[in-house]
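Peer 1: Before I ask anything, here is the structure I am working with.
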Amino acid sequence: MSEAVIAVALVWVAASGTAVVLTRDPLRQAFVAGFFGLGLAFLYLSMQAGDVALSQIVVGAIALPLIVLLSLAKVRKGRE
Amino acid sequence: MSRRARLVFFAVAAAGLAVTLGVGLAGLPSFGSQLTAYARMLNELASPQRHVTDVVSAITFDYRGIDTLFEEFILLAAVAGISVLLRPLSDESRQLPEDKAPNRKIPPPSPAVWLLAVLLSSLLTLIGLETITHGVLTPGGGFQAGVILASAIYVIYLGTNYATVERFQPDPLLEASDGVGAFGYVVIGLLGLLAGDVFLSNVVGLGVTGNLIAGGTIPLLNLVVGVEVAGGFAILASEFLDQTAVIRTERR
Amino acid sequence: MDLVVSTSAVIPASVVVPLAAAALMVGFSRFLPRWARDLIAIAVALATTALTLILMAASAGHPMIYWFSGWRPSAGMVIGIDYAVGPLGAGMASLAGVLASAALVYCWRYFDSARGRHHALVLIFLAASVDFCLTGDLFNLFVAFELVAVTAFALTGYNAGHPAPLQGAINFAVTNSLGGMSVLMGVGFLYARTGSLNLAQIGQALSGRHPDGLIVVAFALLTGGFLVKAAVVPFHFWLPDAYGSAPIPVCVLFAGVMSELGLFAVIRVWDTVFSGLAGGSGPRMRAVLLGLGILTAVVGAVMALAQIHLKRMLAFVTMSHMGIYLIGVGLLTPLGLAGASLLVIGDGLAKSALFLGVGVVQHQRASVSEIKLRGRGRGLAVTGVTIMLGALVLADLPPYVSSAGHALLVKAAEQAGLPWLEIVIALSVSLSSGAVLRAAGRIWLGWGSSQSPRPDTGTADDPGEEAKDRSDTANSANAEGAPGTQESIGSTDGGPAGADRDQDGREWSGRLRRVPLTMLLPPLALLAIGLGLGLTSGVEEHAAAAAAAFSDRAAYATAVLRTHVGPVPTGGRVVVPASPAASAGGVLTDLGQVLAALCVAGIALDRRAVGLRRALAAGTGWLRRLHSGLVGDQVTWLVAGLALLAALSEAALH
Amino acid sequence: MSVLAYGVVAWLFLVGIYGVVTSRNLIHMVVCLSVAQSATDVLLLEIGYRTGGHAPVFVSLPTHPGPAVDAVMQALALTDVVVGAAVTALLLALVVQVHKRAGTLDPDALRATRD
């Protein structure tokens, strides 16, 4: 059973990773990256790696999106 | 190279790298079939020797403690680098944040949102502190808790405005916590040296397995790393926020 | 060779002292006056250098093993992380300490309002370099690799007021973090196969076994990642962008220490892990490494000759010398390694002196374009002598330690039956030193034409770039009074302003300010150290003994694992054929190189040889176009390089 | 299962690098680089996985029957996540400043000191 869960998580991670690369607009990409981070955390949890899953959630859900969105706000403001 | 030439060249190179990775990955033992002797030994030894239940924190803070010391300084260097890179330069100035700018009338945050922000922020702080203290027992620990504590500050910004959050994160305090956290890790390591043993060796009583305060120096290191990471990520977020909200470059 | 598990506190102190000082400086630098920050940083860097020198002396006879957290191996199974301190590693760490101290002293006036964080980053860089040289654990090597990289990204982009350093930092950051990922995958593969992360134990597990696909790919990924940091062709494209635009004191750390760490890791991993593999892969692997080394040396030298931007020229000189060190290391013999290590020390000091000299020129003349500086070297005589002497030392001027290294390298090449290597080394050294001598001749003696040799003016030195280039010069106003907003390094928010910054850069237009001593002395001190080392007797024997101890895999494994493994090493001393005839021959070849460099400079400056120069410029046009500075191209080259290296190591190891 | 598990590692790494090489926006490139970085974490944890293994937490309660998962690999992956976050944040800071000074985010339009 756990192997099936890992397989699902692997497919989710591979698909969302590709989606992150293919979405060229950085704003939408930030959200897809959040989804990709969640997939990674789910994969790590399914592989019994609690510590790494927690730090992936924390980095992927809090640190990375916050910084990417703030950078986008600065870059977008600079353009007007 | 032109973009097309680069794409063709990349396709060939990526095919080569794919074959290389394929050959390497094919040599690995099949997925989930192998547990190395080193891992089996540590899984058995960690709990009786270090009186901790979470083997991963025993490995990160004791068996391979010097790795984590350098990992903390990677974070310290990154945060110091970012605050150096994003500092206001001579042709830039700190002006009124956007929500206070004269030509923009932004309604003050409604009390309901402000209350939600306070509740959420205190909840996150509790979760952060709990993650630090339980780092010895369950998955979690200094780094994860530090980021959660830093996010507790930024929930206030989401709920209110820039001026309010500025009060909650004075720069001297954040820099001090960042520096003290990293320095604390070194001091705890030096305890072993001062006691005549080697660097990072455990000189603090081990306590009873399963208790919150058990595992000798591991809870202390967890706490110190939590302080450093909280200060570090708070500085990180405040630098990016300052760049967005406050710092303007005079158009030459 | 007795085995000692040293519990001396010097080993952890050499890493912990700079780290603790950096942490305190990040935390509390805003409360310290500026001079206090500089003094503390310099004192800590010098203390670290002293500690590593003690380690070098103490570990001369036998490797000193230090187990952190007290976890010694039990039943042959390594549990904790160890430092295996040998004379070669400690020597490299001492060089890092010396250069960091020189850079911090140079910073005293250069960055008048340098922030405490800049010094903290330099100290963390130093600590990471020391850990890189001493660690015996493969994953700790990766963590030190990343720590050196992170501090280097931030220091490269320090002049955030100009696009060039920032673009250089981005190219540098993207390629080096991909190199780091490749190293980490190599570590994962080796752990999956041998179940250990300790270099000695992995070496034991692999010794005598025939390499299969996984081991070959693990070698290629590890070595490829380290070669990215060592800036070897085809991984080198980030180097001119990063070194050519970083602030001068940072260039000293990069050119003298960081690239050499990459090569140190390559030979450390080969000697302790892969050299025990069955299948006699030594000679074939030697061919691969020598090929890469020769390619890097020649490409670096030719590109150096084609530059007129002084810092980019020195970046390519650094790359060319990395190729020469790789030739020495690639011979895979202790004598070759000894020659390469002496060259690393001698040339490292000389390259740093050159960068500091160029820094003085930029600080006083607000330009780094050889053409624009033509004939404006008067008043900077000391710097002129420093740069010319540094260029001659790079060409292995006899009394200097680098000429001793060159002599050892030539002997090693002969012993390996490849005497023609000496010609390749002589060619690339004379070209690269010739380029620097040409620049010095044009600036200080006013020879040569004042037009840029190439019709296209897409050089980095268009007036706009150069006018803004004064960012490195912190607060000095440009004597020519060109407006250009004065980007001072310090921020406006209360960094204690140096006296001359208050008048916002107009206070000395016209009167050339005297070059501060703290900017003049470090280059001379570095050259003096090189001369001193060169004159001490027996430096070759020490280097040869250190290299022999370094490349003795069985002795290393025995020392680390404390169980007698395989035949007890005889610890045979490497016979250094220091017969007078050989050393006389060595001196002759060195002088020959120096003369060749002078001839190259002479031809390049001679007005009549315009046709030759234009032909050379046209001939290397395609090479210069390859160095496009685009991060997409550089990453593509990196991927191609990894795949190529995997194919070559497959052929070599099987 | 091995092919899927290890195939995802190679796929993520190459897709991440493809994103970096063909990117037209520096922020997009940095996020693609973090995708490639996560491929190394997945590889480390896959090497450490043991079929039917439970998390390396040993409480005194009746433990899960099978062996535990490799805790050393989790410690390495933890360090790698931290390194990835640090490098990504540093790169974003560089990108913000490059946009301010060079005015563009297109990597192909950026010219380092070309010579």
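Bear in mind these aren't lab numbers, they're just calculated from the coordinates by the rules spelled out. What you see is a predicted model, and the numbers here were worked out from it, not measured in a lab. With ideal geometry, Cβ positions are generated from the backbone for all residues, glycine too; neighbour counts draw on all protein chains shown.
Peer 1: On average over all directions, what projected area in square nanometres does the range A:2-79 have, based on the convex hull of its Cα atoms?
Peer 2: Directional mean of the projected Cα hull area for the range A:2-79 stands at 4.9 nm².
Peer 1: Efficiency by 1/(1 + (r/R0)^6): what FRET value for residue B:171 and residue A:25, r their Cβ-Cβ distance, R0 = 35 Å, to the nearest 0.05? It would help to have the intermediate numbers written out before the result.
Peer 2: Values: r = 34 Å, r/R0 = 0.97.
In this case the efficiency is close to 0.55.
Peer 1: Arrange the following residues from fewest to most other Cβ atoms within 10 Å of their Cβ: B:40, C:553.
Peer 2: Placing the least packed residue first, the sequence is B:40, C:553.
Peer 1: Which of the listed residues, B:188, C:433, B:59, is farthest toward the dipole's positive end in the protein assembly as shown, when Lys, Arg count +1 and Asp, Glu count -1 at the beta-carbon?
Peer 2: C:433
Peer 1: Relative contact order (percent) for the range C:190-343, with alpha-carbon contacts under 8 angstrom and 6 or more residues of separation?
Peer 2: It rounds to 26 percent for the range C:190-343.
Peer 1: Points 7 angstrom from Cα along the Cβ direction at residue B:37 and residue C:415: gap in nanometres?
Peer 2: Each label point lies 7 Å from its Cα, and together they span 3.6 nm.
Peer 1: Continuing with this model, one more query. Determine the dipole magnitude for the protein assembly as shown: charges of +1 sit on the beta-carbon of Lys and Arg, -1 on that of Asp and Glu, nothing else is charged, the reference point is the Cα centre, and the result goes in debye to the nearest 20.
Peer 2: With Lys and Arg at +1 and Asp and Glu at -1, about 2680 debye.
Peer 1: Any chance you could give the angle, 0 to 90 degrees and rounded to 10, that helix B:3-26 forms with the longest Cα principal axis of chain B?
Peer 2: That works out to roughly 30 degrees.
Peer 1: In this model, which of C:351/D:100; A:77/B:105; A:74/C:351 are farther than 28 Å apart at the alpha-carbon?
Peer 2: Working: C:351/D:100 33 Å; A:77/B:105 18 Å; A:74/C:351 40 Å.
Where the Cα-Cα span goes over 28 Å, the pairs concerned are C:351/D:100; A:74/C:351.
Peer 1: Follow-up. Which order results if C:196, C:59 are arranged by neighbouring Cβ count within 10 Å, fewest first?
Peer 2: C:196, C:59
Peer 1: In angstroms, what radius of gyration and Dmax does chain B have, counting Cα atoms only?
Peer 2: Using the Cα atoms of chain B, the pair Rg, Dmax is 23.8, 68 Å.
Peer 1: Restricting to bridges with both residues inside the protein assembly as shown, how much of the DSSP beta-bridge set is antiparallel, in percent to the nearest 5?
Peer 2: The antiparallel proportion sits near 80 percent.
Peer 1: Using +1 on the beta carbon of Lys and Arg, -1 on that of Asp and Glu, and nothing else charged, what's the dipole of chain B about the Cα centre, debye to 20? If you can, show how the numbers build up before the last one.
Peer 2: Working: 15 positive and 20 negative charges, 204 e Å.
Dipole of chain B, to the nearest 20 debye: 980 debye.
Peer 1: Given Cα pairs under 8 Å that are at least 6 residues apart, what percent is the relative contact order of the range A:2-79?
Peer 2: Answer for the range A:2-79 is 30 percent.
Peer 1: Turning to a different aspect of this structure: Give the calculated FRET efficiency between residue C:603 and residue C:43 to the nearest 0.05, with a Förster radius of 56 Å applied to their Cβ-Cβ distance.
Peer 2: The calculated FRET efficiency here is 0.75.
Peer 1: Oh, and also: For each of B:224, C:217, count neighbouring Cβ atoms within 10 Å of the residue's Cβ, then give the residues from fewest to most. List each step's numbers first, then the result.
Peer 2: Values: B:224 24, C:217 27.
Ascending Cβ contact count within 10 Å gives the list B:224, C:217.
Peer 1: Determine, from the Cβ-Cβ distance of residue C:50 and residue B:113 and an R0 of 56 Å, the FRET efficiency 1/(1 + (r/R0)^6), rounded to the nearest 0.05.
Peer 2: Computed FRET efficiency for residue C:50 and residue B:113: 0.45.
Peer 1: Can you give me the relative contact order of chain B as a percent, contacts being Cα pairs under 8 Å and 6 or more apart? Before the final figure, lay out each step's value.
Peer 2: Values: 314 pairs, mean separation 68.6, N = 252.
Dividing the mean separation by the residue count of chain B yields 27 percent.
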